[in-house]
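Here's the structure, in structure tokens; my notes come after.
Since every read-out is calculated from the coordinates, none of them should be taken as a lab result. Here the structure is a predicted model, which is why all the values come from computation and not from measurement. All Cβ positions, glycine included, derive from the backbone under ideal geometry; neighbour counts span all protein chains shown.
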């Protein structure tokens, strides 16, 4: 009677070349579906009402709010110029970058969806065709610059693969940084927009999108750190199983 580490077996022959499945180092897991779900929910929150004004019917989601604030006279005199529209557009750009950075580590069936989503967000940030004839328009130039950054991020995601451990860590850090920037920019933008509406004596209220977006970005960042840092797990020592038990000498 001899134990093989995988159970008891009746044999009198020495174990030669046997290898239990749990001795093999597991491959790096693909991105859980939960993280992709958080990205989708964050995008839905961005396109949900951020500022609600029932009296005048002025209800804007994040991107519309950026366009509305770009027309405000006080925003034109901000330093730097058009700061409020910028911080309102940054969350969408950040979500596109998160999609691109997580594409190589996503579930195999969702990798292309991540890349297509990153491209669509970049195209959505493009200014109208009038930009060609109005190159001096600061609002259009800002939109074009953000779209160019988004396209570069989407292009990198199309060319990149899972890569080495260092590459995975840098993508993870980049995605986490993008989530943090999205939260800071989104909160700053909606607060500044609320103040601009007060200048017109509009009874504005914060919408469900403005409240849910920072929470979902926080959950997304937590999911990235918790589920997508497999290389930080301690390697099992030689002669022991991943749960800490010691193998018989014959299997070491």
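How much length is gained on full extension from residue 64 to residue 131, taking 0.36 nm per residue of separation minus their Cα-Cα distance?
22.3 nm
What list do you get for 46, 194 if you sort them by fewest beta carbons within 10 Å? Can you show the working numbers first?
Details: 46 25, 194 17.
In order of increasing Cβ crowding within 10 Å: 194, 46.
Describe numerically, in nm with one decimal, the distance between label points set 7 Å from Cα along Cα→Cβ at residue 40 and at residue 188.
Calculated label separation equals 3.1 nm.
For labels at residue 226 and residue 206 in the simple 7 Å Cα→Cβ model, what's the distance in nm?
Between residue 226 and residue 206, the simple spin-label model gives 2.4 nm.
Ranking 68, 170 by Cβ neighbours within 10 Å, fewest first, what do you get?
Ranking 68, 170 by Cβ neighbours within 10 Å, fewest first, gives 170, 68.
So how far apart, in nm, are the two label points at residue 156 and residue 144 if each is 7 Å from Cα heading toward Cβ?
Those two pseudo-labels are separated by 2.3 nm.
Which of 36, 193 comes first, and how do the rest follow, when ranked by fewest Cβ neighbours within 10 Å? Don't skip to the answer; put the middle values down first.
Details: 36 20, 193 27.
Placing the least packed residue first, the sequence is 36, 193.
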